[in-house]
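Colleague: First the structure, then my questions, so here it is.
The values are calculated or read from the model by the stated rules, or taken from the named source; none is laboratory data. Here the structure is a predicted model, which means the values were calculated and not measured. Here the Cβ positions follow ideal geometry from the backbone for every residue, glycine too, while neighbour counts run over all protein chains shown. For accessibility, only protein heavy atoms count, side chains too; no ligands or nucleic acids. Shrake-Rupley method; radii C 1.70, N 1.55, O 1.52, S 1.80 Å.
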Amino acid sequence: MQKSFDRLEELIAPVTPERFFSDFWEKQFLHLEKGPGTFDHLFSIRDVDRWLMTVRGGPADSVSITAPEGASGFQKYRPQDLAIDSVYEAFANGRSVVLNYLENCWPPLMGLVKGLGHDFCAEIGVNVYLTPKGKRTFSVHTDDHDVFILQVNGEKVWRLYELKYLSVMRLEHKQDLEVPAEWGPSRLETPLAAELRLRPGDVLYIPRGMPHCAIAEDSTSLHLTASIMPFYWTDALKAAVEQASYSSPELRKTLLPGFVSNPAARDEMRAQFARAMQAFADNASYDSVFNVLRRNRLRAQGYPLDGHFSHVDPSRELTPESVIERRGTVLCFVESPEPGFCSIRFASRHIRGPERLRRAFEFVRDSSRFTVSQLPGLDDNGKMVLVRRLIREGLLQFAEHMP
């Protein structure tokens, strides 16, 4: 039976998630061999033109094609603006084709996207790289996100260089930051750590900031890149400032008008900066920030593509002996919004009720499969009402595959 590879533990087996996070995550690369055909069901070379001819919308760089011989960079297109025969010609002439944002439009990948999103508490992006024999798509570079490379067709030789600095995404002022000299081109000039040949079915994890490049030496290559984009401490501190601003008038003040060209304003702002930093320190709350980030992650993770309308169907019978399961990649948690009440949150929804519902909410949170009658703390009617609502709003579903 073909594995779905919709959870981290399947993707990196026999390495366990515990070992991955302790020994590899943000530290070093990991190379695994799983055998030819392993990832064909996700996206193969036969799917390239299917994607190009069926996806009709997307950002301006949904398709990137390396520039003609002698030029650098990429030509970028929306799928609807690109004639398929021009892509055939470009590829036949030795130009690489990159398909971006497949996490938004290719159903066979949704299990992988939602599974990794659940396990990393992260946004997941998926791109496809089709590289002709003897070519490479990029020179030595670093990525601002961790990646899993899934080799599908052909072979590709990867050169990995020693990791010097972990990079960070979502720097809103990146183009204006004062970048230390050691963060310049020299960070690409680190010793070679490994040279690997990826064959069909191989998996390669590369931590962000690790310099690398790859070349399809002996055959045309197609691989998937799954990008992991989690929260960083920079994100947590941004959220902390925003949350603290509700409690601190100092953080809600504007910068002095004319500060760009007025030296006196700059000097006054120095004192205001110190007061704002103290106000932030006095009002920042870890618990509040933790709740902000986990609510954000629940909403972004959303629901899997698993045909849930057949479960919502009001004509479907629910009985005390119905076997119910929690939808596998939907994140949820139980909280106490105010004394005497509790809530169960999932995706963009939450169900709030009196404290007596806590046992039932926590049972749902902690149980992957159960019968309606097993719900604790409620009478028979209450159990039916709660389960029906949680099915309707997307957290639970009828168990269709019995053990």
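Colleague: Let me check against my output: what whole-number percent is the relative contact order of region 136-231, with C-alpha pairs under 8 Å and at least 6 apart?
Modeller: 57
Colleague: Could you tell me which of rounded, prolate or oblate describes region 290-351, using a ≥ b ≥ c as the square roots of the eigenvalues of the alpha-carbon gyration tensor, with rounded for a/c under 1.5 and, failing that, prolate when a/b is larger than b/c and oblate otherwise?
Modeller: oblate
Colleague: Averaging over every viewing direction, what projected area does the convex hull of the Cα atoms of region 254-403 cover, in nm²?
Modeller: Average projection, Cα convex hull of region 254-403: 13.2 nm².
Colleague: Whole-Hz Karplus ³J(HN,Hα) for region 22-27, in order, using 6.51 cos²θ - 1.76 cosθ + 1.60 and θ = phi - 60°, x for Gly and Pro?
Modeller: 7, 10, 10, 4, 6, 10
Colleague: Rank by packing, highest mean first: peptides 221-229, 371-379, with packing defined as the count of other Cβ atoms within 10 Å averaged across residues.
Modeller: 221-229, 371-379
Colleague: A follow-up question, please. Mind ordering 292-299, 137-144 by average Cβ neighbours within 10 Å, highest first?
Modeller: Top to bottom by mean Cβ count within 10 Å: 292-299, 137-144.
Colleague: May I ask you to rank Val63, Val323 by accessible area, largest first, using a 1.4 Å probe over the protein chains only?
Modeller: I get Val323, Val63, largest accessible area first.
Colleague: Going by average Cβ density within 10 Å per residue, which order do the peptides 26-32, 109-115 take, highest to lowest?
Modeller: The packing order, highest mean first, is 109-115, 26-32.
Colleague: Next up: Hey, could you pull the Cα Rg and Dmax for region 178-285, both in Å?
Modeller: Rg and Dmax of region 178-285, Cα atoms, are 23.2, 65 Å.
Colleague: Compute the accessible area per residue over the chain, keeping the other protein chains in place, probe 1.4 Å, unit Å².
Modeller: 52
Colleague: Of all GluC sites (Glu not before Pro) in region 177-229, which ones are in loop regions per DSSP and have a Cβ with at most 16 other Cβ atoms within 10 Å?
Modeller: Glu178, Glu189, Glu217
Colleague: Check Glu217: other-chain or 5+ apart residues with amide H under 5 Å from its amide H, H built from backbone geometry?
Modeller: Under 5 Å from the amide H of Glu217: Gly134, Val157.
Colleague: Non-local amide H neighbours of Cys342 (under 5 Å, H modeled in plane, Pro and chain starts lacking H): which ones?
Modeller: Gly353, Glu355
Colleague: Please sort by residue number the GluC sites (Glu not before Pro) in region 343-403 whose DSSP state is loop and whose Cβ has at most 12 other Cβ atoms within 10 Å.
Modeller: Here the sparse-neighbourhood loop sites are Glu400.
Colleague: Follow-up question, since we're still on this one. Can you list the residues, at least 5 places off or on another chain, whose amide H is less than 5 Å from the amide H of Val126, using H built in the peptide plane?
Modeller: Tyr101, Leu102, Glu103, Ser227
Colleague: A further question follows. Show me the GluC sites (Glu not before Pro) within region 224-333 that DSSP assigns to loop and that have at most 10 other Cβ atoms within 10 Å of their Cβ.
Modeller: Passing sites in region 224-333 are Glu317, Glu321.
Colleague: Work out from phi, with θ = phi - 60° and the Karplus expression 6.51 cos²θ - 1.76 cosθ + 1.60, the ³J(HN,Hα) of each residue of region 155-162, listed in order in whole Hz, and give x for Gly and Pro.
Modeller: Calculated HN-Hα couplings, in order: 10, 8, 9, 10, 10, 10, 10, 4 Hz.
Colleague: Sort all Cα-Cα distances of region 1-125 into consecutive 5 angstrom bins from zero, then give the percent of pairs in each bin up to the one containing the longest distance.
Modeller: 2, 9, 16, 17, 16, 14, 13, 9, 3, 0
Colleague: Let me ask something else. In percent, how large is the relative contact order of the chain, given Cα pairs closer than 8 Å and 6 or more residues apart?
Modeller: Relative contact order of the chain: 15 percent.
Colleague: Could I ask something else about it? Using 5 Å bins from zero, what percent of all Cα-Cα pairs in region 102-192 falls into each bin?
Modeller: Computed distribution, short to long bins: 2, 9, 16, 18, 17, 19, 12, 6, 1.
Colleague: Then there is this: If you plug each phi of region 299-306 into the Karplus form 6.51 cos²θ - 1.76 cosθ + 1.60 with θ = phi - 60°, what whole-Hz ³J(HN,Hα) values come out, in order, with x for Gly and Pro?
Modeller: 5, 5, 5, x, 10, x, 8, 10
Colleague: Moving on. Return the carbon/sulfur percentage of the accessible area of the chain, one whole number, probe 1.4 Å, all protein chains in place.
Modeller: Using a 1.4 Å probe with all protein chains present, the chain comes out at 53 percent carbon and sulfur.
Colleague: Here's another thing I want to ask about it. Send over the semi-axes of the chain's equivalent ellipsoid, whole angstrom and largest first, taken as the square roots of 5 times the C-alpha gyration tensor eigenvalues.
Modeller: Its equivalent ellipsoid spans semi-axes of 40, 35, 20 Å.
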